[in-house]
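**Q** Provided herewith is a single structure, encoded as structure tokens, for subsequent inquiry.
Readers should treat all values here as calculations from the given coordinates under stated rules, not as data from a laboratory. All of these numbers come straight from a predicted model, not from anything done at the bench. Virtual Cβ from ideal backbone geometry, glycine too; neighbours counted across all protein chains shown.
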Amino acid sequence: MSRPRRSSRGGWEATVELGADRNGRRLRRHLRGPTKSAVAAKVAELEARRRIGADLARQPALDEWMTTWVRGRELELRPWTLAGHRSDLRHISASIGHVRIDQLVAEDIEQLWRYMRDSGLSGGTVAHARRTLSAALATAVKRGRIPRNPVAAASTPRYTPAEVVPFAFAEVQAILAAAATKDCHLARWTLALGFGLRQGEALGLQWHDVDFEAGTLAIRRSLCVRTWQHGCGNTCGRNRGADCPSRHSGGLVAAETKTSSAVRTLSLPPPLLNQLCAGRAVQAAERLAAGELWQPGPGGGWVFASSLGRPLHPAADWRAWKELLSSAGVRDARLHDARHSAATSMLVLGLDARTVMGLLGWSQLSLTQRYQHLVPELRQEAARRIGEHLWGPS
């Protein structure tokens, strides 16, 4: 057994002889850690694994392992999830991607958090990268690549999500009034502010999903942007797959909803059905004007389409939202905040949590607390009831 020794780079290290490979080359494993006892424990564990015949072949660097891990999940994950993993991988590779996965220690992980923080990345981005890294290394543990997940031993960066302030009823009315006077899709924003549809769910709607006789809307898919992949084997010299002459598998795609619970059917009030009917009439006129340039979409066409019938790009939809807030004279907010506002409105209306869960397509009932907020209307109603309890009706 190799004895731990002080490292010239700081900390302690040890070298373990593992014999020879099938070609007669000597195999060694270099271990390091912050203390002598930590390295000694690694040496003892390595010796124990060797005695039971564990595979001690050279392990890949972290960036190589994570690239393999992401590629292995391409068929099971949704496009936006894969895009998030690839974004995390860029940060991880730039900081500690060169470290072999079997030599990763908690201090390496903490170095990554400092690197991301010093790069000006938000706490939410760091938290997302932590979940991705932990999942990738958990797979390495499961497959016998490493004995334990070093992310669990590292300190966790503090992250407090920003408090979302939902729109007040007057703000919702102002936004919808502005949408009614602009050349835009009024039903798009009514569905967002009233029923809490996610952006991808709204943009993925097709006319076959709307049953005007029954007054229902079926949510079956989500429109998202898939990252372009290199089709040249990374030989074109371009950094982004979108710039590759042989790019593939990218652009707008209609994918599965975020969760299986997000597949749902909504009953729509008559005014919203009227908005959809008016939108379909406008689209029919645009189709006549476009002539042969019109691109008919699947399922009877996209409910919210461009003037040529193409599905609306999420970036264009986001810009339309920002312009709408400005026209309405309402404070700036994320598009996803409309979903928070819808959930809060449902709470103000007294809908029970199970009903809200079904309307919003939540997979967990606990999300109720995340999306619903104590708005002024609820505070005032609570004050009224407490006052009546203490002093009787005023």
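**Q** For Glu64 and Ala83 in the same chain, what is the full-extension length gain: residue separation times 0.36 nm, less their Cα-Cα distance, in nm?
**A** Working: separation 19, 0.36 × 19 = 6.84 nm, distance 1.72 nm.
Extra length available between Glu64 and Ala83 comes to 5.1 nm.
**Q** Quick check on packing: order 102-114, 334-346 by the mean number of other C-beta atoms within 10 Å, highest mean leading. Show your work: numbers first, answer last.
**A** Numbers: 102-114: 18.8, 334-346: 21.0.
Highest mean packing first, the order is 334-346, 102-114.
**Q** Mind giving me the FRET efficiency for Ala242 and Thr35? R0 is 35 Å, r the Cβ-Cβ distance, nearest 0.05 is fine. Walk me through the intermediate numbers first.
**A** Working: r = 47 Å, r/R0 = 1.34.
After rounding to 0.05, the efficiency reads 0.15.
**Q** Using Cα pairs closer than 8 Å and at least 6 residues apart in sequence, work out the relative contact order for segment 62-152, in percent. Display every interim value, and only then the final one.
**A** On the way: 66 pairs, mean separation 28.0, N = 91.
For segment 62-152, the relative contact order is 31 percent.
**Q** Now a separate question. Roughly how big is the chain's charge dipole about its Cα centre, with Cβ charges of +1 (Lys, Arg) and -1 (Asp, Glu), in debye to the nearest 20? Working shown, then result.
**A** Values: 55 positive and 35 negative charges, 469 e Å.
In debye, rounded to 20, the chain gives about 2260.
**Q** Rounded to the nearest 0.05, what FRET efficiency do Glu213 and Arg385 have when you use their Cβ-Cβ distance and R0 = 45 Å? Before the final figure, lay out the partial values.
**A** Working: r = 42 Å, r/R0 = 0.93.
Efficiency computed from Cβ-Cβ geometry: 0.60.
**Q** Continuing with the same structure: Which shape class applies to segment 144-225: rounded if a/c is under 1.5, otherwise prolate when a/b exceeds b/c and oblate if not, where a ≥ b ≥ c are the square roots of the Cα gyration tensor eigenvalues?
**A** Numbers: a/c = 3.74, a/b = 1.79, b/c = 2.09.
Oblate shape, in that a/c is at least 1.5 and b/c is the bigger or equal ratio.
**Q** Can you give me the angle between helix 337-348 and the longest principal axis of the chain, using Cα atoms only, in degrees from 0 to 90, rounded to the nearest 10?
**A** The two axes meet at around 60 degrees.
**Q** With an 8 Å cut-off on Cα pairs and a minimum separation of 6 or more residues, tell me the relative contact order of the chain in percent. Walk me through the intermediate numbers first.
**A** Numbers: 513 pairs, mean separation 50.4, N = 394.
About 13 percent, as a whole number.
**Q** Over every pair of different alpha-carbon atoms in the chain, take the mean of 1/r and invert it; report that Kirkwood radius in Å. Each step should come with its number before you reach the end.
**A** Working: mean 1/r = 0.0395 Å⁻¹.
Kirkwood radius, the chain: 25.3 Å.
**Q** Here's another thing I want to ask about it. With a/c under 1.5 counting as rounded, go ahead and sort segment 37-159 into rounded, prolate or oblate using the C-alpha gyration tensor (a ≥ b ≥ c being the square roots of the eigenvalues; past the cut-off, prolate if a/b is larger than b/c, else oblate).
**A** Working: a/c = 2.35, a/b = 1.41, b/c = 1.67.
Verdict is oblate for segment 37-159.
**Q** Using a basic spin-label model with each label point 7 Å from the Cα along Cα→Cβ, how many nm lie between Arg9 and Ala138?
**A** Here the modelled spin labels are 2.9 nm apart.
**Q** Right, here's the next one. Give me the angle, in degrees from 0 to 90, between the Cα long axis of helix 123-142 and the longest principal axis of the Cα atoms of the chain, rounded to the nearest 10.
**A** 50
**Q** Among Thr125, Ala94, Tyr115, which residue has its Cα furthest toward the positive end of the charge dipole of segment 62-152, with +1 on Lys/Arg Cβ and -1 on Asp/Glu Cβ?
**A** My answer, from the dipole projection, is Thr125.
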